[in-house]
Structures are given as structure tokens and as C-alpha cells.
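The block underneath contains the structure these notes are about, expressed in C-alpha cells.
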Amino acid sequence: MDLGHKGKRVLVTGGAKGIGAGISEVFAREGADVLVNYRSDTEASQQFAADLSTRYGIRAFCVQGDVGEEKDVIRVFDQAEACLGGVDILVNNAGKVYNETLLDITMDQWQRCLSDNLTGQFLMSREFARRAIARKQRGWIVNVISKAAIFTTTPGRIAYVSNKAGEVGLTHALAVELVGHGIHVNG
């Protein structure tokens, strides 16, 4: 299948395991160069990127960084420029689920979920847009959202559901604000 991504430079947050690893692999299979962002497990992330390079003949690198921390986000994009010359497609996949009820969730868990999910998508999208607009470069942002934003029957996911609903709103707002700059946003 040819999705037209050959030669594109893709940054996938949370891209070394789970859904993110699958996303990274699809882009690599399509001939895109991939920068895999991860927060922990350096050895496994480096091995994953090396495997993508070997299997698909593309450039794949990994970079550690917490998407909820502004300084890390800037460093991730600096690394993308150093390794790939920039980013054409940003996939905001990183996130975390907390299984705590309203009565049991702590403020620390609430804030961490907010940082891992909604704040991370905001910071990554803002840095991507700043750099793309400065270069007058077209681009794409894909936010991984969840049906939990609209409909959930799973108790104990109050922070996750709230964040995913925020991500839907963020995605709509980004799409409206960035389309005039040639940046398309989907969720």
C-alpha cells in the first residue's frame, strides 16, 4: 500500500511501544523516516528504532523526552532537526491511563494525566507549528484521541476521559487555527 509518505519525516510520541510502535512501523513500512519519542526504557527504544531502520531501509532514531515538559519538547524537536532535518508529520500518541475513581484519585495523579495527555499534545503541536510556520513549510498533526472522550462505561477513568475530551477540543481548535498556514490537523 502506498499512502504517499515515502521520504516524509515523522515524529511519533510514545512511539516505541504499544499503539505508538504500530504507528511508527506503518510509517517506516511506507518509506518515511521516523523519530521515535519515548519517556523510559532507553535500551528497548534504541533497539526498536534500529530494527525499523534495518527492516525498512529508512532512517529511524529515538529521542527521550517527556511530552508534558516544555524543555523536553524543545529538545525533542532540536533532535529531530539534527537527525532528520525537521519534521513533516507529528503524531501525538503519548499518553497514560489512570484507573482511579473520583473519590480516590490524587491531585498528583490528576496532574500527571493532564501532563501526559492534553498538555503533551498542546506542547508538541505548538512547537511543531512554530517551526513549520517559520520555515513556511506545510505539515500534518495527527492527535490520537479516544472514543472515551464522548462515551465511556468504564468506571475509574475520570482523569483520562476528561483529558481525552480536552484533546478533541484541542484538535478542533488547532485545525481551525493552523489550516491557513498549510498545517492540517486530524484526530
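The values are calculated or read from the model by the stated rules, or taken from the named source; none is laboratory data. All figures in this text were calculated on a predicted structure; none of them were measured in a lab. Cβ atoms come from the backbone with ideal geometry, glycine included; neighbour counts cover every protein chain shown. Each accessible area value is taken on the protein alone, full model and side chains, heavy atoms only, with ligands, DNA and RNA left out. Shrake-Rupley method; radii C 1.70, N 1.55, O 1.52, S 1.80 Å.
Observations on the structure shown:
- Asn163 vs. criteria out of contact with any His (no Cβ under 7 Å at 6 or more places or on another chain) and closer than 22 Å to Arg112 by Cα: yes
- Residues that are of a type outside the set (Val, Ile, Thr), in contact with a strand residue (DSSP E or B) (Cβ under 8 Å, 6 or more places away or on another chain), more than 11 Å from Asn117 (Cβ to Cβ) and not in a helix (DSSP H, G or I) within the stretch 132-152 comprise Arg138, Gly139, Trp140, listed in sequence order.
- Selection within the stretch 168-187 - part of a loop (DSSP other than H, G, I, E, B) and exposed (fewer than 15 other Cβ atoms within 10 Å of the Cβ): Gly182
- Scanning the stretch 70-78 turns up no residue that is over 21 Å from Asn143 (Cα atoms), in contact (Cβ under 8 Å) with a residue 24 or more places away in the chain and surrounded by fewer than 16 Cβ atoms within 10 Å (Cβ to Cβ).
- Counting only residues that are hydrophobic (A, V, I, L, M, F, W, C), in a loop (DSSP other than H, G, I, E, B) and either open to solvent by 40 Å² or more (accessible area, probe 1.4 Å) or within 18 Å of Gly65 (Cα to Cα) (or both), the stretch 2-34 holds 2 of them.
Every residue, every condition in (1) touching a helix residue (DSSP H, G or I) at 6+ places or on another chain (Cβ under 7 Å); (2) without any contact (Cβ under 8 Å) to a residue 40 or more places away in the chain; (3) in a helix (DSSP H, G or I), yes or no:
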| position | (1), (2), (3) |
| --- | --- |
| Gly95 | yes, no, no |
| Leu103 | no, yes, no |
| Leu118 | yes, no, yes |
| Leu123 | yes, no, yes |
| Thr154 | no, yes, no |
| Gly166 | yes, no, yes |
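- Ser162 passes every criterion in (1) part of a helix (DSSP H, G or I); (2) of a type outside the set (D, E, K, R); (3) open to solvent by 70 Å² or more (accessible area, probe 1.4 Å) apart from (3).
- Subset of the stretch 52-69 [open to solvent by 60 Å² or more (accessible area, probe 1.4 Å) and either part of a helix (DSSP H, G or I) or hydrophobic (A, V, I, L, M, F, W, C) (or both)]: Thr54, Arg55, Tyr56, Phe61
- Yes/no for Leu102 being surrounded by 14 or more Cβ atoms within 10 Å (Cβ to Cβ), over 21 Å from Ile19 (Cβ atoms), out of contact with any Ser or Thr (no Cβ under 8 Å at 6 or more places or on another chain) and of a type in the set (A, V, I, L, M, F, W, C): no
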